[in-house]
Amino acid sequence: MFNEWVEVRRIYLIRIRNETTDLHKWAMSPSLRQIILTIGQDVRDCHACYDCDILDTIEQDISLGSLVQMVLLNDEDVLSSHTLWSDAVLKSAQHMCKRGLNLEEIILALRQEAERRGLTVGK
Ligand code: SF4
């Protein structure tokens with residue numbers, strides 16, 4: 001009984017330590033929106049109109065509008081999406097946003113961040 005209690009306590013302490021480390025890492029890394037801001041693009045300008053979603057390629061798993069919205073939500077899954085790594089999407093992205101966001105530059109900056117974080121699954 002005592003050994004079980006010690007084991008439970010040990011697992012609990014490991015979990016607390018790992019969660020604290022994850023929280024610390026999360027708090028220390030800049031958000032995806034902040035990373036995009038460094039290239040002069042502010043994804044808060046996205047009105048979620050989805051006018052950019054006229055592309056229809058099988059390489060896309062999320063729409064361009066959703067990609068921008070995921071950046072706003074700091075959703076790291078965007079970094080491993082197939083859309084991010086599609087060359088067809090990249091080629092057409094530059095003039096897609098009717099609100100002036102340069103989606104091509106945003107994609108390139110996100111690719112760079114994905115490589116930095118080792119998240120290139122969608123590549
Ligand atoms: S067209 Fe521009 S503003 Fe509209 S959803 Fe796409 S990225 Fe956002």
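Need the full-extension length gain, residue 58 to residue 73, defined as separation in residues times 0.36 nm minus the C-alpha distance. One decimal, nm.
2.9 nm
Apply the Karplus parameterisation 6.51 cos²θ - 1.76 cosθ + 1.60, with θ equal to phi minus 60°, to every residue of region 50-65 and state each ³J(HN,Hα) to the nearest whole Hz, in sequence, with x for glycine and proline.
Residue by residue, region 50-65 yields 6, 5, 7, 8, 8, 5, 9, 10, 5, 6, 8, 10, 9, 6, 5, x Hz.
Taking neighbour counts of Cβ atoms within 10 Å as a proxy for exposure, in what order, fewest first, do 33, 9 appear?
The order, fewest Cβ neighbours first, is 9, 33.
Quick note: the coordinates plus some simple rules give every number you see, no bench work behind them. No experiment lies behind these values; they were computed from the predicted model shown. Reconstructed Cβ throughout: ideal geometry from the backbone, glycine too, with neighbour counts over all protein chains shown.
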